[in-house]
Structure formats: structure tokens, C-alpha cells
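The values are calculated or read from the model by the stated rules, or taken from the named source; none is laboratory data. From a predicted model like this one, the values you see are computed outputs, not experimental measurements. When we count neighbours, we look across all protein chains shown, and the Cβ atoms used for this are built from the backbone with ideal geometry, even at glycine.
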Amino acid sequence: MHILIVEDDDTIASPLATGLERAGYTVTRVDTGEDALRMPQADLVLLDLGLPDLDGSEVCRRMRGTSDVPIIVVTARGEELDRVLLLEIGADDYLVKPFGFRELLARIRAVLRRSGQSSSTPEAMQVQTLGPLVVDRRARKVMLDDAELHLTPKEFDLLAFLAANAGAAISRDEILGEVWDTDWWGSTKTLDVHIASLRRKLGTKVSIDTVRGFGFRLGEPG
């Protein structure tokens, strides 16, 4: 699956492209509406509304006039009126910034499914290998040096989320929101307990590093 990202902010576009490529998608990035309209048709478009040349809604309208490509609009505008207008001009879905990466993947799969394209998780995301660590999301199983790790459901969800973003620092809030619940109000000590348990089970083969004052990062084995 080929995804076109139309986003002029490199601090957003770069990690987004990296995450989608790790998830098994082919990604092309452009930073203007005119460039987006000139690109060959992708399988799905992630379109930011705040572009430097054309308003994103105009880009969406013009794309829809010549193609039925699925379009997910990314916007910082949260008003209900904007959301209704986005759907009226042809967007298939929208995400309001900030959003979690797992939510984005779920929206992509849902839009592709509704459009009749493959909705299966890309192979690179279903079975992910990081050195001695293998995360099998289909079977909800983790192997370390060919031996299965016995994880609780939440430990698996936590490790799978960190693995999907291997090498990237993930904030405590994002981890809690993605792995537990978007409206999680419990103690953040829950996260620390699960991190400690995972570290014990992973041993020295795979590291979960603390990013002081921010969150955690799964080290990418060499």
C-alpha cells in the first residue's frame, strides 16, 4: 500500500513517514497542495489542512473531482462545522491533532476496508523482528532468542506498541493513552510496574530505556 503524506511541517511529517514505513507501507511526502495534485495516485492520502499554498479543503475537493482515492484529513481545527464540511467536500475520515499513531493506523485500515482495498495489517506490522525479538501480533506471541516470552495481555500490548515505534522516544501520556485508554485517569505507576516487568522478562537482550522527564524508548538491537 502506497500512502501520500501532504504535510509541510517536517517535525510531523518525518516521524509519521518513518512510523508508516515501519508498519509496512510505502510512503511519499510532499509539502504543498500543488505538489500533491501533481503526484501519481496513491492508495491513500493523509492530507493536512494548513498547507502553505492551497487550503487543504481545496486540495481535497480537487482530488475528489478526479479520483476516488481514500483521503484522511489531518487538522488542528476541532469545531464540529469543520468536520461536517470535510466530509461534504469528499474526505473519507479526519484526525484532529494531536493524535496517537495506533489510532492513525486503525483509521487507515478502516478507510481502506470501506473503500474495498485490503484491510489486513501489513506483514511488517503483523510479525515484526527486532534483532533477537520477534513480535507476532496475529498470534499475540513474543519470541526472544527463539524462546516464547510469557506476557500478560497488557504487557504484550505495551511491548507491541513500543516495538512499533522502536528507537523513538514515546511520552508517558501517549503510552497510557494508546495502551490503556484514551481517557485513562488511573495512577501512572501502572505504566512503571509494567515496564519493570517487561525489563525483567527481556533481560539484557532488548532494552527499554527511560527518557528522563518524558517517557520510554525501546532500543533497536544492533
| query | Residue check, Ile108 against (1) part of a helix (DSSP H, G or I); (2) modelled with pLDDT of 85 or more; (3) assigned by TED's automatic domain parsing to the domain that holds Asp8; (4) more than 17 Å from the chain's Cα centre (by Cα), all met but one. Which one? | reply | (4)
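Got a number for residues in segment 151-183 being among the small types (Gly, Ala, Ser) and in a helix (DSSP H, G or I)? Show your work before the answer.
Here is the first cut: in segment 151-183, the residues among the small types (Gly, Ala, Ser) are 160, 163-164, 166-169, 171, 177.
Next, only the ones that are in a helix (DSSP H, G or I) stay: 160, 163-164, 177.
So the answer is 4.
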| Would you say Val179 is within 22 Å of Arg22 (Cα to Cα), among the β-branched types (Val, Ile, Thr) and modelled with pLDDT of 90 or more? | no
| query | Which one is farthest from the chain's Cα centre (by Cα), of the residues in segment 8-27 that are within 19 Å of Ser67 (Cβ to Cβ) and surrounded by 15 or more Cβ atoms within 10 Å (Cβ to Cβ)? | reply | Val27
| message | Looking at (1) surrounded by 18 or more Cβ atoms within 10 Å (Cβ to Cβ); (2) at pLDDT 85 or above, which one does Phe101 not meet, given that it meets all the others? | response | (2)
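Do the conditions hold for Arg102, that is, is it out of contact with any strand residue (DSSP E or B) (no Cβ under 9 Å at 6 or more places or on another chain) and within 29 Å of Glu174 (Cα to Cα)? Outline the logic, then answer.
Numbers: out of contact with any strand residue (DSSP E or B) (no Cβ under 9 Å at 6 or more places or on another chain): yes; within 29 Å of Glu174 (Cα to Cα): yes.
In short, yes.
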